[in-house]
Amino acid sequence: MLKKSNSIEGNQVILHQHKIPVGNTYKNTFLKRFKNSQFRAMAKFYTKLTTRLQNFIRKQKIFFVATAPKEGRINLSPKGMDSLRVVDENRILWLNVTGSGNETAAHLLENQRITIMMCSFDVTPSILRIYEKGRAIHPFDQE
C-alpha cells in the first residue's frame, strides 16, 4: 500500500489515506511514486478536528480504543454501537457500553492517555488515530 501525501497528521490526530496500484506494474509504480517527493511527506500536523475529520468520524460504525498503564499491558478493544460523539473540534465523548470499563478507567486515572483509531475501506481507504488525554465520567459523577 502506498501512503499518499495528502494524509493528515496532528498533534492529536493522524489520518492515513492509502492508494493501492493495480495491475502487473505494482513494483514499478511503487518505485516511481516513492521517489517522487509528494510521497515522502506522509502527514501534516493538526491541533484540532477539522470539519473533514469530524465528518469522517461520524460515518464510522466500528472504532478501536486503546489505553495503557505506565507499566504493563495495553488495553485495546473494538467498539461501536453508535457510542462515539464529536462534541466540537477539541472534544470527543465515548460511552463505554460493553465490558466493565474498569481497566480503561484505571488507566485513564493513572495517566489520562487514550488513543482512538478508526478504519475506512471505502473509495478512499483511511486510518484515523486520535491521541488524546481522557477521563472517565461515571453515572453518579456531578457532570
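The values are calculated or read from the model by the stated rules, or taken from the named source; none is laboratory data. Just so it is clear, the structure is predicted and the values come from calculations on it, not from any experiment. Cβ sites come from the backbone with ideal geometry, for glycine too, and all protein chains shown count toward neighbours. Only protein heavy atoms, including side chains, enter the accessible area calculation; ligands, DNA and RNA are left aside. Shrake-Rupley method; radii C 1.70, N 1.55, O 1.52, S 1.80 Å.
Tabulated data
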| read-out | value |
| --- | --- |
| Test: residue in the range 63-81 that is within 13 Å of the chain's Cα centre (by Cα), at pLDDT 90 or above and open to solvent by 70 Å² or more (accessible area, probe 1.4 Å) | yes |
| Qualifying residue in the range 93-107 (condition: assigned to a strand (DSSP E or B) and open to solvent by less than 80 Å² (accessible area, probe 1.4 Å)) | yes |
| Index of the failed condition, ARG58 passing every other in (1) modelled with pLDDT of 90 or more; (2) open to solvent by 30 Å² or more (accessible area, probe 1.4 Å); (3) outside any strand (DSSP E or B); (4) under 20 Å from ALA136 (Cα atoms) | (4) |
| Scan of the range 108-126 for residues that are open to solvent by 40 Å² or more (accessible area, probe 1.4 Å) and touching a Ser or Thr at 6+ places or on another chain (Cβ under 8 Å), ordered by number | ARG113 |
